[in-house]
Amino acid sequence: MKKNEPMHKQLAQLKEFHDKTDHEWRTDPTIDIPDNIKDRRVRIMLEEFNELIAAIYRNEPIEDLAKELADVVYTTFGTVGAFGLADKFDAVFDAVHKSNMSKIPVDGVIKFNEHGKVIKPPGYKKPDIKKILESNS
């Protein structure tokens, strides 16, 4: 992880936690991890996401909502490390952001689907995540 990357601090904190708790943290991107680890990552993320949903719909105090949001990010970043994506994740996130920004058409008229999601206009550019993961930087 490069220290000048915006997510470096959080990913380093997650690596520290994973090292201390003997949770997996890979340095090379891979989808080929044992099923029990995949199951654990999914289970942990779902649990935290469900707690976030509950906090939102129960109108829990804002500090509780903030904690649940941090837990979702924390467990997501743990999964980033488990799949060996930490060193590339800042670039992946940047590419997804750039792609999302390409959803804003030149005329500035943004269209939404029935769920409020932005519709991809002509000129939308899909992120090339494979290129990022295969790069040496």
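Points to keep in mind about this one:
- Ala70 under 27 Å from Leu133 (Cα atoms), of a type outside the set (Val, Ile, Thr) and in contact (Cβ under 8 Å) with a residue 24 or more places away in the chain: no
- Identity of the residue in segment 75-89, small (Gly, Ala, Ser) and over 17 Å from Glu47 (Cα atoms), that ends up surrounded by the fewest Cβ atoms within 10 Å (Cβ to Cβ): Gly84
- Every residue from segment 81-137 that is acidic (Asp, Glu) and farther than 30 Å from His18 by Cβ: Asp107, Glu114
- For segment 87-128, a residue qualifies if it is free of Cβ contacts under 8 Å to residues at least 40 places away in the same chain, over 12 Å from the mean Cα position of the chain (by Cα) and part of a helix (DSSP H, G or I), and the qualifying residues are Ala95, Lys98, Ser99, Asn100, Met101.
- Being within 30 Å of Asn136 (Cα to Cα) and either of a type in the set (Gly, Ala, Ser) or at pLDDT 95 or above (or both) is true of Ala82.
- Apart from one condition, Asp32 fits all of (1) farther than 29 Å from Glu134 by Cα; (2) of a type in the set (D, E, K, R); (3) surrounded by fewer than 12 Cβ atoms within 10 Å (Cβ to Cβ); the exception is (1).
- Near pairs, Cβ below 7 angstrom, 6+ apart or cross-chain, from segment 8-23 (under 19 Å from Lys88 (Cβ atoms)) to any residue that is at pLDDT below 95 and exposed (fewer than 15 other Cβ atoms within 10 Å of the Cβ): His8/Lys2
The values are calculated or read from the model by the stated rules, or taken from the named source; none is laboratory data. Owing to the predicted nature of the structure, the values given are computational and were not obtained by experimental measurement. Glycine gets a Cβ as well: all are built from the backbone with ideal geometry, and neighbour counts include every protein chain shown.
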